[in-house]
Amino acid sequence: EKTKKTGELYSPILWTFAQPYARFFAVYPNVESYSKMTVNNTAASGSPSVEFEVETDVTKEVDLMTACSGNVRYATLGVPPETNLNFRHALTGIRFAVGQNLSWNKTIDRVELQGVLLKSKYVLSKELDGTGAAWDHTGYTTRGNAVLSGVSVSTSQNPNVIIMGKNADNYTFYMIPQSLEGVTVHVEFSEADAPAVDIPLSDAWQPATTRTYKLNNAAS
């Protein structure tokens with residue numbers, strides 16, 4: 001059910017005192033505003049899951065956040081119990097910074113994360129502290145490229161300065177946590193004398209973390 005900013009349901013559901021225990025789950029964004037997300041298994045037992053697909057246009061990507069109240073008891077008739085929903089991030093945020101050997105005074109106009117898993121399933125926790133939540137990639141094989149294009153980002157910054165993924169620049173990649181085997185960063189520049197940079201990645205992305213990659217040219 002869609003909620004207001006106050007937490008109130010648009011379509012209220014009365015809680016009968018004869019069934020005093022409940023568990024509340026929450027997901028952001030809502031399915032009306034993000035069409036590439038489906039909420040499944042909303043039965044009384046178990047945990048719901050979210051089938052989530054990443055937008056390939058980075059400027060349209062959203063952060064997936066989920067919450068669970070744990071068990072809540074309606075103990076006193078007519079007195080609503082306090083219900084806490086602490087939202088936690090499910091995706092990995094990716095941003096880029098200047099490395100030690102990035103060509104000076106160039107302009108980045110395109111960045112791609114190539115060969116990434118774009119769709120998977122996230123099973124929500126049943127606990128207030130978020131334990132038990134996990135991505136389940138079983139049966140999901142859709143791979144593609146997440147693309148940030150049409151930008152004009154100067155490389156003329158000191159090493160370690162973040163140039164994509166700064167506050168409010170809308171250049172952060174929000175990606176499904178996954179193994180990075182076969183995943184590559186591809187960077188293009190607007191200047192003809194600046195060849196594209198391709199960087200194979202390793203390790204894995206973890207949920208609720210931010211990964212910063214420092215860009216370098218092979219020769220600078």
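The values are calculated or read from the model by the stated rules, or taken from the named source; none is laboratory data. Treat the numbers as computed from the prediction; the structure is a model and nothing was measured. Cβ placement follows ideal geometry from the backbone for every residue including glycine, while neighbour counts extend to all protein chains displayed. When the accessible area is computed, the model is the full protein with side chains, heavy atoms only, and any ligands, DNA or RNA have been set aside. Shrake-Rupley method; radii C 1.70, N 1.55, O 1.52, S 1.80 Å.
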Show me, for the stretch 77-87, the HN-Hα J-couplings you get by feeding each phi into the Karplus relation (A = 6.51, B = -1.76, C = 1.60, θ = phi - 60°), rounded to Hz, glycine and proline as x.
4, x, 10, x, x, 6, 10, 9, 10, 9, 6
Mind checking which of 66, 42, 155 has the largest fluctuation in a GNM of the chain, springs on alpha carbons under 10 Å?
42
Only Lys, Arg (+1) and Asp, Glu (-1) charged, at Cβ; the stretch 62-204 dipole about Cα centre in debye:
420 debye
Length gained, residue 217-residue 145, 0.36 nm per residue minus C-alpha separation, equals 23.8 nm
Which residues qualify? For residue 134, with a placed amide H closer than 5 Å and at least 5 residues away or on another chain, they are 123
Pick out, from 77, 33, 114, the residue whose Cα sits farthest towards the positive end of the charge dipole of the stretch 15-128, with +1 on the Cβ of Lys and Arg and -1 on the Cβ of Asp and Glu.
77
Express the carbon and sulfur contribution to the solvent-accessible surface of the chain as a percent, rounded to the nearest whole number, probe 1.4 angstrom.
48 percent
First obtain the Kirkwood hydrodynamic radius of the stretch 150-190 from its Cα pairs, then insert it into the Stokes-Einstein equation at 20 °C and 1.002 mPa s, and state the resulting D in µm² per second as a whole number.
168 µm²/s
Check which residues have an amide H placed less than 5 Å from residue 166's amide H, if you skip close sequence neighbours.
171
Using a 1.4 angstrom probe with every protein chain in place, what is the largest-first accessible-area order of 176, 13, 199?
13, 199, 176
Straight-line reach from residue 106: which lysines fall under 22 Å, measuring Cα to Cα and dropping same-chain residues less than 8 apart?
166, 214
Over what distance in Å are the Cα centres of the stretch 82-97 and the stretch 157-220 separated?
20 Å
If you look at just the Cα atoms of the chain, how large are its Rg and its Dmax in Å?
21.2, 74
Say we join alpha carbon atoms closer than 10 Å with springs in a Gaussian network model of the chain; which of 26, 67, 75 then has the biggest fluctuation?
75
At 7 Å along the Cα-to-beta-carbon direction for both residue 43 and residue 119, put a label point, then send me their distance in nm to one decimal.
2.4 nm
